[in-house]
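Some notes on the structure that comes next.
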Amino acid sequence: MRATFAVVLTFLLSLACGKAGAAGGSQFNVATLRGNVLVEGFASNSGASRPAVIILSGSHGFAPPAYDELGRSFNAAGLDAYLVHLLTPADQQAIAHAGSAPARIDYYATRLADWIAAVRGVASYLNSQPRYAGKVGVLGISLGAQTAAAASVDRRDIGALVLVDGGFPDGYSQPIRSLPPLYIVWGSADRVFPVATARELQRMAQGLGGSASLNVYPGGAHNFFLKSGPQAAAAHQGAADFFLSQLSK
């Protein structure tokens, strides 16, 4: 399913999505300021106006089957989901061979600007499609949450933000004047980023004058959102409900 093929950027997004239908993923490239980025869509082929959600993976990329399940569940809930492949094969190799958490963090810092540009480029592209204009949200998981948070700062073209087990990157020092409406999803047993990180993120967002809610899942480990079972399913539904509430106004 993940064999890469390019779709000419000038094609209408609805055509690309329509070929796949609601049950499968279509793939296409979006041109951004830092180069092309591969996007995989789980979208309705009806052509009707509905919200679109950009999904950003953790450091292992989109290999876990949970991402396809998330795309399909969002689609069934009334959202068009787009998996944005920020991590190149070179990124994944560098992360896998970094050898330590500090080394991985240092590598992330060298790539953050490119990843932010890619997310903003895809958000702009989706907003340029009449069916999605003003109805684009972003969901990031772990490393993807770090990029999602940074990419959403002071952006009017991102209408809602969901961060799962991750917030702003270590050492992030850019000014933050505003964030989209924010929903934070965290596992209480997360040993990578403790729940205190989530609570501080919520306080910061509320201090900017925006809405920010936090849902902590009891016993959830750092990767609970990508596991099968009722807890992950409930977390997926909660995120979908938040996007629908914010992007369907």
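The values are calculated or read from the model by the stated rules, or taken from the named source; none is laboratory data. Everything numeric in this text was worked out from a predicted model, so none of it was measured. Reconstructed Cβ throughout: ideal geometry from the backbone, glycine too, with neighbour counts over all protein chains shown. SASA here: full protein model, heavy atoms, side chains in, ligands and nucleic acids out. Shrake-Rupley method; radii C 1.70, N 1.55, O 1.52, S 1.80 Å.
Of note:
- Extension gain, Thr110 to Asn36: 0.36 nm times the residue separation minus the Cα-Cα distance gives 24.8 nm.
- Net length available on complete extension from Arg72 to Ala101 is 7.2 nm, with 0.36 nm assigned per residue and the Cα-Cα distance removed.
- For the stretch 22-121, the spread of Cα coordinates along the three principal axes comes to 45, 29, 17 Å, biggest extent given first.
- With all protein chains in place and a 1.4 Å probe, the accessible surface of the chain carries 56 percent carbon and sulfur.
- A convex hull fitted around the alpha carbon atoms of the stretch 150-203 yields 79 Å³ per residue.
- Packing around the peptides 224-236, 206-218, taken as the average count of other Cβ atoms within 10 Å per residue, puts them in this order, highest first: 224-236, 206-218.
- Evaluating kT/(6 pi eta Rh) at 4 °C and 1.567 mPa s, with the Kirkwood radius of the chain over Cα pairs in the Stokes-Einstein relation, gives 72 µm² s⁻¹.
- Relative contact order (%) - criterion: Cα under 8 Å, at least six apart; region: the chain: 16 percent
- The stretch 22-127: relative contact order as a whole-number percent, Cα under 8 Å and 6+ apart: 33 percent
- As a rough guide to protection, the peptides 56-69, 134-147 ranked by mean Cβ packing within 10 Å, highest first, stand as 134-147, 56-69.
- With both residues required to sit in the chain, DSSP beta bridges show an antiparallel share near 35%.
- In the chain, the calculated helix contribution to ellipticity at 222 nm averages -12500 deg cm²/dmol per residue, counting -39,500 (n - 2.57) for every DSSP H run with n ≥ 4.
- The chain: most fluctuating residue of Asp91, Asp80, Asp170 per GNM, C-alpha cutoff 10 Å: Asp170
- In terms of Cα atoms, the Rg and Dmax of the stretch 140-249 work out to 13.2, 39 Å.
- Full-extension gain in nm, Arg203 to Arg177, via 0.36 nm per residue minus C-alpha separation: 8.0 nm
- Distance cut-off 16 Å, percentage of C-alpha pairs in the stretch 50-181 lying past it: 62 percent
- Spin-label pair Gln231/Asn215, simplified geometry with 7 Å Cα→Cβ offset, distance in nm: 1.5 nm
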